[in-house]
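Presented below is the structure to which this report refers.
The values are calculated or read from the model by the stated rules, or taken from the named source; none is laboratory data. Owing to the predicted nature of the structure, the values given are computational and were not obtained by experimental measurement. Virtual Cβ from ideal backbone geometry, glycine too; neighbours counted across all protein chains shown.
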Amino acid sequence: ALLGPQLIPLRQTMGHFVVKRKNGWPSYQLASVVDDEDCGITHIVRGQDLLQSTAAQLLLASILGFNRFQQVCFFHHALLTNIQGEKLSKSAGAQAVPPAPAPDFDEQVRQFLQQLYPGHHWPAGSAWQQLAIPS
């Protein structure tokens with residue numbers, strides 16, 4: 001299930017976070033927000049474990065004047081787990097999603113969006129990629 005709107009008290013939950021590593025490279029938080037702004041990312045789907053990262057990145061975007069990133073539509077979902085209840089993640093050795101989508105991928109996405117927004121018409125085919133998510 002997708003989580004509804006969230007209010008993250010960043011100062012209390014994350015405190016000061018790193019933006020530049022000791023080796024001089026940017027941290028994940030900074031690199032991610034800069035890359036997403038540069039690429040013009042409009043929608044991000046993440047697990048609920050990254051709510052604090054989203055809040056930190058929105059703060060960085062505000063400080064850096066990244067207006068596009070501040071308009072990104074974020075979807076946070078409950079964590080995906082295996083049958084033992086362990087979080088599926090690359091760091092835990094979870095298998096990656098195949099690079100080529102299934103033949104019915106577009107239809108699966110359309111049906112998923114239809115479940116999220118039952119009052120909105122989602123046309124068949126790949127047209128969903130150009131549609132705006134209703135607010």
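Report yes if residue 19 is of a type in the set (A, V, I, L, M, F, W, C), touching a residue at least 12 places away in the same chain (Cβ under 8 Å) and surrounded by 14 or more Cβ atoms within 10 Å (Cβ to Cβ), otherwise no. When the stated conditions are applied, residue 19 passes them.
Residue 46: under 23 Å from residue 112 (Cβ atoms) and in contact with a helix residue (DSSP H, G or I) (Cβ under 9 Å, 6 or more places away or on another chain), yes or no?
Here the answer is yes, as residue 46 does meet what is asked.
Can you spot a residue in region 22-39 that is at pLDDT below 90 and hydroxyl-bearing (Ser, Thr, Tyr)? Scanning region 22-39, I find no residue that is at pLDDT below 90 and hydroxyl-bearing (Ser, Thr, Tyr), so the answer is no. A single member of 54, 81 is at pLDDT 85 or above, among the hydroxyl-bearing types (Ser, Thr, Tyr) and either surrounded by 10 or more Cβ atoms within 10 Å (Cβ to Cβ) or under 28 Å from residue 10 (Cβ atoms) (or both), and it is 54.
This table checks each residue for (1) within 12 Å of the chain's Cα centre (by Cα); (2) of a type outside the set (S, T, N, Q).
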| site | (1), (2) |
| --- | --- |
| 32 | yes, no |
| 41 | yes, yes |
| 50 | yes, yes |
| 57 | yes, no |
| 63 | no, yes |
| 73 | yes, yes |
| 76 | yes, yes |
| 79 | no, yes |
| 83 | no, yes |
